[in-house]
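Laboratory data are not the source of any read-out in this text; all were calculated from the coordinates shown. Here the structure is a predicted model, which is why all the values come from computation and not from measurement. Neighbour counts are summed over all protein chains in view; Cβ atoms, including those assigned to glycine, are modelled from backbone coordinates with ideal geometry.
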Amino acid sequence: MDSFDYSSYLRDKKFPLIWCSGCGHGIVMKAILRAVDRVGWERDDMVMVSGIGCSSRMPGYVDFNTLHTTHGRAIAFATGVKMANPKLHVIVVTGDGDATAIGGNHYIHAARRNIDLTIVLMNNSIYGMTGGQVSPTTPIGKRASTAPFGNVESSFNISGLAQAAGASFVARGTAYGAVQLSKYIEKAMLKKGLSVVEAISPCPTVYGRRNSMRDPVQMLEELKQESVPVKKAAKMTEEELEGKIVTGVLTDVEKPEYTAEYEKLIVKLGGAA
Amino acid sequence: MPATRKDDRVRVMTGNEACAEAALTAGLRFFAGYPITPSSEIAEELSSRLPAIGGRFIQMEDEIAAMGAIIGASLAGAKVMTATSGPGFSLKQENIGYACLTEVPCVVVNVMRGGPSTGLPTMPQQSDVMQARWGTHGDHPIIALCPQSVSETIDLTVRAFSPTEKYRIPVILLMDETVGHISEKIRLPKRDELEIYERHTPSVPPAEYLPYRQTESDIPEMATFGTGYRFHVTGLCHDETGFPTNNPVEIEKQMLRLNRKLDRYRDEIVEVEQDAEEGARVGVFAYGSTARSAKRAVLMAREKGIAVSFLRPRTLWPFADRETRALGEQVDTIIVPEMNLGQIAHEVEWAVAGRAEVVKVNKINGEPISPTEILPAIEKAVK
């Protein structure tokens, strides 16, 4: 086991973390910090933006320029930060409810625009902070505080949503596969364009306990068992993939990035300093 | 000026065009908007002008996003603005509250149209007077400026950027459809003719920086993202470090400071046009485009030998309570014409506290109030 020193990236005076025991978000935070370290970005040049929810509390713990905004609007605020100073590296941390319910419009339009933001979307299939209400990614049949008889709605494939909307990089990892997850985040950071890393994160406290997955270790184990690498998934049928988590880099393409294109416009019009 | 020398700064333009022009002069460098009648021309003008001076324009996916984007851009150091109208202003309210609590400078233009709901997109109303003050939840400071003409739209748009940067309070520019779309002759100011306040940034080393410090002025210094001050911004109640707190002592300290800014700098913020006439028993209180009809009615009454005082706030919020009370002390009746059912009339009543009777002249059918609709109220008051 290597000994990575997280301390220079953390505001440890703000500990203990708000996250419950067994929550996957701390693993995702560590995966992000390791990726930042490998990429070598200066903390002063980094802005971490979030909305509202459990995952959105992460900016309080990391020693960057940090912006904890309103519910669903992290990407909108981040767009303004990036536009005003394209040299800043902007990471959005968000959750399934924040990014794909109340903030769904910003999520798809950021992908369409292909603006250079790195979105790390922690998907725990539930509204955790408010006590376990059904979310756009709660699977059919699973129980939530507002789906007491089991969810009857279809759930979003949120990586697929970003792919379809035009993101230039999309990957999915899990809190179980933290090393892989960190590699996806690193690639996402280096990508010029809108990148999304969907991080499947367990919530034993308000999701697991309503769905016979009370034990955090069991929940992590299940993430491992359900994960199917994207190459293997390509050879599987839709029925075989039912309930599986397809992991890996799902999209990685080069296309014009928004702030760079806007910069060209400024130069063309003679507005460059 | 000799007739042969043309003043090349004289133009004929609409209020919306003037607003865009003045914002650029004041140093606007980032605008995010969303199409809405009757404010869209502001966005259209800025979409062509901003990139040419190295600024940035973006049409966001909705009104909420536009408000969020300008707050983000302001934190990254830009002077920012958005423009909208009634329904869009409603959508922006949550993020306006965010800017109030986090003390992020921004200018929000609302070219008021008829409401509620989709209402009257192409017709004027002074529909959002109360929404401008109390549209977002919680006790918060807010400044609203209200121009009556294209020329004054220039003055007040330029002026909007100073208090928002100086006091770190969002400024609402409450135009109305008439002011936004009327074409008038104006003179464009030069930047060096204007008093423009620039943001007060910290001079202490980053390790000592407290983003919400209790300063003597009640206004903390504002650092810019990317300049070495790694600070935290949250819409949660926070202490002077900027991090969330549930400590009642800290919460109270910050919330009282936040709201105190408005009281403390009230005299610097509130501007009124006063035209008091000696011996007047009747006064007229009006704002925005309605004030032009009101002023005409006052002049018509004076021609008929009626002594009338006139008061017009250019700053709508904070409310010009002392000036209004002084008018109430002079006269027996105050006529308040408004293109709504009496949103500011209640404030006038509160300010005069029984010193004078407040008579409302209201219209909400999409047409402006004409001088001849105000004059009878003046005449009746002196009978």
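Quick one: dipole size for chain A, taken about the Cα centre, charges +1 on Lys/Arg Cβ and -1 on Asp/Glu Cβ, in debye to the nearest 20. Working shown, then result.
Numbers: 31 positive and 27 negative charges, 48 e Å.
Around 240 debye, computed over chain A.
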Fill in the blank from the handout: Phi-derived 3J(HN,Hα) across the stretch A:201-206 with the Karplus relation (6.51, -1.76, 1.60, θ = phi - 60°), rounded Hz, x for Gly and Pro, is 10, x, 10, x, 5, 10
Fill in the blank from the handout: With label points set 7 Å from each Cα along the Cα-to-Cβ direction at A:ASN157 and A:LYS255, the distance between them in nm comes to 1.7 nm
Handout entry: Extreme residue, positive dipole direction of the stretch A:121-273, given options A:SER159, A:ALA178, A:ALA273 (C-beta unit charges)
Key = A:ALA273
Handout entry: DSSP loop trypsin sites (Lys or Arg not before Pro) with at most 10 other Cβ within 10 Å: longest gap in chain A
Key = A:88-234
Practice task
Consider all pairwise Cα distances in the stretch A:179-273 and report the whole-number % of them above 19 Å.
Solution key: 61 percent
Handout entry: Modelled FRET efficiency - R0 41 Å, A:LYS231 with A:LEU17, Cβ distances, 0.05 increments
Key = 0.70
Handout entry: For A:VAL196, residues with placed amide H under 5 Å, excluding near neighbours
Key = A:ILE119, A:PHE169, A:VAL170, A:ALA171
Fill in the blank from the handout: Helix B:290-303 sits off the longest principal axis of the Cα atoms of chain B, rounded to the nearest 10 on a 0 to 90 degree scale, by 30 degrees
Practice task
May I ask which residue of B:GLN330, B:ALA294, B:SER370 lies farthest towards the positive end of the charge dipole of the stretch B:271-382, with charges of +1 (Lys, Arg) and -1 (Asp, Glu) on Cβ and the Cα centre as origin?
Solution key: B:SER370
Handout entry: Rounded to 10°, Cα long-axis angle of helix A:216-226 versus longest principal axis of chain A
Key = 80 degrees
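Please list, by residue number, every one of the trypsin sites (Lys or Arg not before Pro) in the stretch B:237-292 that is coil in DSSP and has at most 11 other beta-carbon atoms within 10 Å. Intermediate results must be reported in sequence, preceding the final value.
On the way: sites: B:LYS253, B:ARG257, B:ARG260, B:LYS261, B:ARG264, B:ARG266, B:ARG281, B:ARG292; in loops: B:ARG281.
Nothing satisfies the criteria.
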Completion exercise
the stretch B:24-67 scanned against label point 7 Å out from B:GLU193 along Cα→C-beta; backbone N under 17 Å for B:24-27
Problem - Using alpha-carbon coordinates, inclination of helix B:248-264 to the longest axis of chain B, degrees - result: 40 degrees
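Please compute, for peptide B:218-230, the average count of beta-carbon atoms on other protein chains lying within 10 Å of each residue's beta-carbon. Intermediate results must be reported in sequence, preceding the final value.
Values: counts 0, 0, 0, 0, 0, 1, 3, 14, 12, 3, 5, 2, 10.
If you average over the peptide's residues, the count of other-chain Cβ atoms is 4.
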Practice task
Kindly provide the GluC sites (Glu not before Pro) of the stretch B:277-383 that DSSP labels as loop, not H, G, I, E or B, and whose Cβ sees at most 16 other Cβ atoms within 10 Å.
Solution key: B:GLU278
Exercise for the section: Quantify how strongly other chains surround peptide B:83-95 by giving the mean number of their Cβ atoms within 10 Å of each of its Cβ atoms. Expected result: 1
Handout entry: Along each principal axis, Cα extent of the stretch B:10-193, largest first, Å
Key = 44, 37, 28
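Helix-only mean residue ellipticity at 222 nm, chain B, DSSP H runs n ≥ 4 weighted -39,500 (n - 2.57), per residue, nearest 500. What is it?
On the way: 13 runs with 146 residues, N = 383.
Rounded to the nearest 500, the figure is -11500 deg cm²/dmol.
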Exercise for the section: Quick one: what are the phi-derived ³J(HN,Hα) couplings along the stretch A:139-149, Karplus 6.51/-1.76/1.60 with θ = phi - 60°, whole Hz, x for glycine and proline? Expected result: x, 4, x, 6, 8, 8, 5, 10, 9, x, 9
Handout entry: Among the listed pairs B:LYS6/B:LYS190; B:LYS6/B:LYS185; B:LYS92/B:LYS166; A:LYS30/A:LYS82; A:LYS192/A:LYS235, those beyond 19 Å (Cα-Cα)
Key = B:LYS92/B:LYS166; A:LYS30/A:LYS82; A:LYS192/A:LYS235
Exercise for the section: Please list the radius of gyration and Dmax for the stretch B:207-260, considering alpha-carbon atoms only, with Å as the unit. Expected result: 11.1, 32
Exercise for the section: Calculate how many DSSP beta bridges within chain B are antiparallel, expressed in % of all such bridges and rounded to the nearest 5. Expected result: 30 percent
Problem - D_trans [Stokes-Einstein, Kirkwood Rh over alpha-carbon pairs] for the protein assembly as shown, 20 °C, 1.002 mPa s, µm² s⁻¹ - result: 81 µm²/s
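Do any GluC sites (Glu not before Pro) in the stretch A:244-273 lie in a loop, going by DSSP, with at most 14 other beta-carbon atoms within 10 Å of their beta carbon, and if so which? Spell out each step's value before the answer.
Working: sites: A:GLU254, A:GLU257, A:GLU261, A:GLU263; in loops: A:GLU254, A:GLU257.
Listed in order of number, the matching sites are A:GLU254.
Which value, in debye to the nearest 20, describes the size of the charge dipole of the stretch B:261-320 about its Cα centre when Lys and Arg Cβ atoms bear +1, Asp and Glu Cβ atoms bear -1, and nothing else is charged?
Working: 11 positive and 9 negative charges, 51 e Å.
The dipole magnitude comes to about 240 debye.
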Handout entry: Gap separating the Cα centres of the stretch A:199-267 and the stretch B:138-171, nearest whole Å
Key = 46 Å
Handout entry: Percentage, to the nearest whole number, of Cα pairs in chain B over 37 Å apart
Key = 23 percent
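Using unit Cβ charges (K, R positive; D, E negative) and no other charged atoms, how large, in debye to the nearest 20, is the dipole of chain B about its Cα centre?
Details: 42 positive and 52 negative charges, 117 e Å.
Once rounded to the nearest 20, the dipole reads 560 debye.
Averaged over A:58-65, how many beta carbons belonging to a partner chain fall within 10 Å of each residue's beta carbon? Each step should come with its number before you reach the end.
Values: counts 0, 3, 6, 1, 2, 2, 4, 13.
Other-chain Cβ atoms within 10 Å of each residue's Cβ, averaged: 4.
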Exercise for the section: Under 22 Å Cα to Cα from B:LYS383, which lysines show up? Leave out anything in the same chain fewer than 8 places away. Expected result: B:LYS295, B:LYS304, B:LYS360
Fill in the blank from the handout: Short to long, in 5 Å steps from zero, the percent of alpha-carbon pairs of the stretch B:231-383 per bin is 2, 9, 17, 18, 15, 9, 6, 6, 6, 5, 4, 2, 0
